[in-house]
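Encoded as structure tokens, the structure appears first; notes follow it.
Bear in mind these aren't lab numbers, they're just calculated from the coordinates by the rules spelled out. Since we're looking at a predicted model, the values are computed, not measured. When we count neighbours, we look across all protein chains shown, and the Cβ atoms used for this are built from the backbone with ideal geometry, even at glycine.
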Amino acid sequence: MPVVLDIVDLTKRFADFVAVDNVCFQAEEGKFFSILGPSGCGKTTLLRMIAGFLEPTSGSLQIRGKDMLGIPPNRRPVNLVFQNLALFPMMNVADNIGFGLKRQRCPKKEIASKTEAMLERVHLSGYGSKDISQLSGGQKQRVAIARALVLEPSILLLDEPLGALDLKLREQMKIELKNLQREVGTTFIYITHDQSEALVMSDTVAVMNAGRFEQIDTPRNLYSRPASSFVAGFVGETNIFAASVEDISPTLRLRAENGVLFKATAMQEMAGAKKGRLFIRPEAIILEPDSGLDNLNRFEVTVRTILFDGSNTKILAMLGDREITVALPQNQQFAHITPGETVSAGVHIDACKCYPGE
Amino acid sequence: MKFKLSSGLFIFLTPVLLWLFLLIVIPQIELLLMSLRGENNLGEPIWTFANYLHFFTEEIYWYTFVRTATYAIIVTVLTFIVTFPVAFYITKVVSKRLSVFLTILLLVPFWVSELVRVYGWMILLRESGVLNHIMLSLGLIDKPVEMLYNDISMIMGLVYTSMLFMVVPLISSLEGMDDSLIEAAHDLGASKWTIFTRIVIPYAAPGITSGSIVVFMLALGNYLTPNLMGGKNSLWFTEQIYNQFIASFNWNQGAAFGFLLLLLSSLIIWVGLKMSKQQLGRVLS
Amino acid sequence: MKRILVLAVMLTLSLSSSAFSQETLKILTWKGYAPQQLVDKFEKETGIKVELTLSNNEEMIAKLRATRGAGFDLAQPSQDRISSVQEKYQIYQAMDYSKINADQLIGSMLDAVKKNTAVGGDSFGVPFCYGTSGLIVNKKLAAEAKDYSDLLNKAYEGRISYRLKRPTLIGLAFAMGDDPFAKYNDAAAYEALMNSVAEKMVAAKPLVKNYWSNGDALLEMVRSGEVAVAMGWDNGGWKLNAENPDIDFVAPASGALGWIDTFAIPAKAKNVEAAYKWINFILAPENAAIFTNLEKYGTASKGADKFLDKEIADNFKRSFSEADIDNIKWYPPVPANLEQIEGKILDKVKAAQ
């Protein structure tokens, strides 16, 4: 796959604050690329540099092999879908979508036909003459995307465009957006702080923290093999323990803050480390494990609360003086468990992931 | 009627209605009646449209109105041109705190009465004034120049006295505009000029229109500034009304002029709204 | 409800008590006609509070016409602007001359005013002060200026100022060798004369610096040298002469325009007694002299001469020769509707480019 966007050592400093710190990555043609990070991590700054609203302090930024530094936003082959959509309230839907084409001096007929085709693509046929204020949140969303996509940019940048939508609509738009991207084949660079959005839609996700990329990988790998303690904690739900290292070989053994002893898998070099952080996914904890299973940390937990959520039901239980989250399998096997009960539990050594650090 | 007038509400409203009626409606009706009165050849009072016809038959009157209206339009346009960059700078360029400070700075001169401000300009511009003094001592000129008493200084004075009424609606409408609209347009390929004409101006249009209406009416109805700064050529329509009432003792004619001013200026505003495709309701809300 | 009533009663009481506790005298007058010094003295002597409203002839008439003669206890119109206005709008009440201390007035002036302000069997005015309109000239800049025609003289381009009011029209008409006062009662002839005056004014419009409307502003412009020839009141010229001997009042060759300002009592005056008190007070020789010394206007008070500064007589002598005094054109009463003719002509001059 050819590389559309190639960023090398990109840095942006504001006074003495480094917003983006030596970021390198490549986005491939036709891929859905997400940048995931907490607010303030520098992802918006990075996006604005790609769009051309900010000039980097140092580093290079190429689109389809062409250097983009110094080129203003209106001459870059990228378009941005703004967080608040930024639809022009004084124009109707068709004029909003046709705005960019008009700037390219497209003939009127072509603008009309392209606009109509784009409206159809985002399932808004016949909405061209409506005012922006007449649209629902989801419809505005689609107009904003259509307005950018109609220009057939090399890269479509999306700045948390689903943030303003309610949960149900957001779930629906995730799927729609993913499908749309596959249909049009444009490279999407999508920034979000919502890991579920990133995981569901993306081909590749870059996890960003404090101006740096912690890991660039497929969603699956991010989830199952987080490269850093930050990624492990940020991507997906997890139980985190501060622990002290008891033993490193033959197996890594840790004493968690609540006194429980875990055998764990080191995800990074632990030699010389006295302290570690232990991550255990809720779905990795097995209730009432078969006594025949090997390589299991076994302990007893006391159930405090059951959070019933259909297929996503969890329980909150006490392990020593720590509360942990345990995901229940979907087969209703543990429907009998009630708060206050003490049950045996276990977790496989492979699922106890340990990183050095406080 | 959305709600029934309860007796309590009625008592509450009575002073306001009374005030409106006694001090605004009745004098207007009296003026209207006065404007329709005249004398026949024998000096007896009669009902007549002569006062209104007079305006159209006597060249000097409609000429003065056309002149006044033209200048008022010029003043409105100039005021917009002068204040728009200011409003844009305050709302979109500087930081929030500085923008509050700058807005206050803009308002401060308007705490002083118009008369004082106009005299301030006169002290600056007159032949023996501050500006001439400075230019003389700098050697830029070797003889004082009279900068007062011409149309340019009058227009400048009018623009100055009207600025506030344009800048405030402009600031409030530009403040409501999300910066991302500008960025979005830029991102979609628009040049700075296109952003200005296609995004910023249309967005601020209600503010521009309401500001323009106020400035136009104020300029048209101004008496002080044209009189003091305009000097010898500056016959303003309001001055003509004043002259009819005070100098010529012809109250009937003066009242007719007053109503013509109201009607014709409303007409101009109506045409302006039609041309700019604005709606009065939206502009005033 | 009770409380509101009590409040209303209290309010009424406090309002009426304040109104009655001190008698007031409301005077509609010109700037300088009631010096603070004399107002203080009057208030001390009589306990009557004086409220002044400053105005000019036209506004005075308009104000009283709007209220049909109410709102003021005393007005000070020029004697020529009383009879026709009174005839048409009845805004004054007949003067009771028995209440006026005629001994302290110049008899001939009182008689002239009585005659000129007569409507029906009654008269309406008592003379207060007099003066003339003529030229205020900066001799250094305009040594040769000596008649109204110099207001249209190309030699003083950009250094000329006058009012767009009737005295200017009349002065210029005299300078043209005509007699506008003689045509007062022939509206058509008067209009024709004034139109020819206006033509000249329009032709000479590029020469004029501005049309003044505020006396103080005019004096300031003459003082600063921006204006060399102006039409104005004699007292203004004399005031400036005290500061700068180059500037003086010049009686125009075709005659200074003489005016007498009066006292007249509005039809619905509330405090007529106080009005008479004020008239007798301010025309008492020592008080009239204070006024004249301050403002340089001539006074109608007979005995005031001996209290006057020497400068006052000097001023008069400097500006008026015997011939000039004989040549003063005193305004006769203005007939009705003349103002409309003049108003339109003045508008035309102002509108001309």
| message | Under a crude label model (7 Å from the Cα following the beta-carbon direction), how far is C:Ala70 from C:Ala323 in nanometres? | response | 5.6
| query | If contacts are Cα pairs under 8 angstrom and at least 6 residues apart, what is the relative contact order of the stretch B:26-152 in percent? | reply | 9
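How about the stretch C:36-91: which trypsin sites (Lys or Arg not before Pro) there are in a DSSP loop, with at most 16 other Cβ atoms within 10 Å of their Cβ?
C:Arg68
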| request: Evaluate 2.2 N^0.38 Å with N set to the residue count of the stretch A:59-169, then give the Cα radius of gyration divided by it. | output: 1.12
| task | Give me the percent of DSSP beta bridges within chain A that run antiparallel, rounded to the nearest 5. | result | 75
| When the Karplus curve 6.51 cos²θ - 1.76 cosθ + 1.60 is applied with θ = phi - 60°, which whole-Hz ³J(HN,Hα) does each residue of the stretch B:73-84 get, with x for Gly and Pro? | 5, 4, 4, 4, 5, 4, 4, 4, 4, 6, 7, 4
| query | Could you give the angle, 0 to 90 degrees to the nearest 10, between helix C:57-66's Cα long axis and the longest principal axis of the Cα atoms of chain C? | reply | 40
| note | In whole Hz, the Karplus estimates of ³J(HN,Hα) for the stretch C:288-295 (6.51, -1.76, 1.60; θ = phi - 60°; x where Gly or Pro) are 4, 5, 4, 4, 5, 4, 6, 9
| field | Angle between chain A longest axis and helix A:167-184 axis [Cα atoms, degrees, rounded to 10] | value | 60
| query | For labels at C:Ser224 and B:Asn40 in the simple 7 Å Cα→Cβ model, what's the distance in nm? | reply | 5.6
| said: Run lengths n ≥ 4 of DSSP H only: what is the helix-derived mean residue ellipticity at 222 nm for chain C, with -39500 (n - 2.57) per run over all residues, to the nearest 500? | reply: -13500 deg cm²/dmol
| request: Could you give the size of the charge dipole of chain B about its Cα centre, using +1 on the Cβ of each K and R and -1 on the Cβ of each D and E, expressed in debye and rounded to the nearest 20? | output: 760
| task | For the stretch A:237-356, build the charge dipole from Cβ charges (+1 Lys, Arg; -1 Asp, Glu) around the Cα centre, then report which of A:Leu307, A:Cys352, A:Leu328 sits farthest towards its positive end. | result | A:Cys352
| In whole Å and largest first, what semi-axes does the C-alpha gyration tensor of the stretch A:1-51 yield when each eigenvalue is scaled by 5 and square-rooted? | 22, 12, 8
| message | Can you give the FRET efficiency to the nearest 0.05 for A:Glu28 and B:Val108, using r as the Cβ-Cβ distance and R₀ = 56 Å? | response | 0.40
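Would you calculate the convex hull of the Cα atoms in chain C and tell me its volume per residue in Å³?
Convex hull volume per residue, Cα atoms: 168 Å³.
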| For the protein assembly as shown, max minus min Cα coordinate along each principal axis, in Å, sorted largest first? | 141, 72, 58
| query | Counting Lys and Arg as +1 and Asp and Glu as -1, what is the net charge of the other residues whose Cβ lies under 15 Å from the Cβ of B:Ala255? | reply | 0
| request: Amide H neighbours of A:Ile285 under 5 Å, at least 5 residues apart or on other chains, H built in the peptide plane: list them. | output: A:Ala327
| task | Report, in debye and to the nearest 20, how large the dipole of the protein assembly as shown comes out about its Cα centre when Lys and Arg carry +1 and Asp and Glu carry -1 on their Cβ. | result | 1220
| Euclidean distance between Cα centres, the stretch C:288-353 to the stretch A:66-89, Å | 78
| note | The distance between the Cα centres of the stretch B:206-271 and the stretch A:162-217, in whole Å, is 62
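Of the peptides C:325-332, C:274-281, how do they stack up when ordered by the mean number of other Cβ atoms within 10 Å, highest first?
My ranking of the peptides, most packed first, is C:274-281, C:325-332.
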| Taking a point 7 angstrom from the Cα of B:Tyr89 along the C-beta vector, which residues in the stretch B:98-135 have backbone N less than 18 Å away? | B:98-110
| message | For the stretch B:95-237, take N as its residue count and report Rg(C-alpha) divided by 2.2 N^0.38 Å. | response | 1.34
| field | Inverse of mean 1/r across different Cα pairs in chain A, Kirkwood, Å | value | 22.9
| Length added when fully stretched, C:Gln353-C:Lys140, from 0.36 nm per residue minus Cα-Cα | 73.6 nm
| message | Tell me the relative contact order for the stretch A:237-356 as a rounded percent, counting alpha carbon contacts under 8 Å between residues six or more apart. | response | 33
| request: Compute the signed sum of charges (Lys and Arg +1, Asp and Glu -1) over the other residues within less than 9 Å, Cβ to Cβ, of C:Ala70. | output: +3
| message | Place a point 7 Å from the Cα of C:Asn337 along the Cα-to-Cβ direction; which residues of the stretch B:31-53 have their backbone N under 15 Å from it? | response | B:38-46
| request: Return one number: the angle in degrees, 0 to 90 and rounded to the nearest 10, between the long axis of the Cα atoms of helix A:93-103 and the longest principal axis of the Cα atoms of chain A. | output: 70
| Cα centroid of the stretch B:125-140 to Cα centroid of the stretch C:42-79, whole Å | 43
| task | Assign unit charges at the C-beta atoms only (+1 for Lys and Arg, -1 for Asp and Glu), then state the dipole size of the stretch A:237-356 relative to its Cα centre in Debye, rounded to the nearest 20. | result | 360
| task | Report the FRET efficiency, 1/(1 + (r/R0)^6), for B:His133 and B:Glu30, where r is their Cβ-Cβ distance and R0 is 51 Å, rounded to 0.05. | result | 0.50
| message | Placing one identical point scatterer on every Cα of chain B and ignoring solvent, what is log10 I(q)/I(0) from the Debye formula at q = 0.16 Å⁻¹? | response | -1.29
| said: Could you tell me the extents of the stretch B:64-141's C-alpha atoms along the three principal axes, largest first, rounded to whole Å? | reply: 42, 40, 26
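With the radius of gyration and the Kirkwood radius both derived from the Cα set of the stretch B:95-173, what is their ratio Rg to Rh?
Radius of gyration relative to Kirkwood radius: 1.10.
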| field | Scattering profile of the stretch A:237-356 at q = 0.20 Å⁻¹ [log10 I(q)/I(0), Debye over alpha-carbon scatterers] | value | -1.07
| Fewest first, what order do C:Leu152, A:Leu80 take by the number of other Cβ atoms within 10 Å? | C:Leu152, A:Leu80
| Percent RCO, i.e. relative contact order, over chain A, from Cα pairs under 8 Å lying at least 6 residues apart | 16
| When N is the residue count of the stretch A:115-238, what does its C-alpha Rg come to as a fraction of 2.2 N^0.38 Å? | 1.17
| message | Using the Karplus curve 6.51 cos²θ - 1.76 cosθ + 1.60 with θ = phi - 60°, what ³J(HN,Hα) values do you get for each residue of the stretch C:332-338, in whole Hz, with x for Gly and Pro? | response | x, x, 7, x, 4, 6, 5
| note | In cubic angstrom per residue, the convex hull of the stretch B:1-105 built on its Cα atoms measures 268
| task | Could you tell me what percent of the DSSP beta bridges with both partners in the protein assembly as shown are antiparallel, to the nearest 5? | result | 70
| Mind checking the mean number of beta-carbon atoms from other chains within 10 Å of the Cβ atoms in B:243-256? | 6
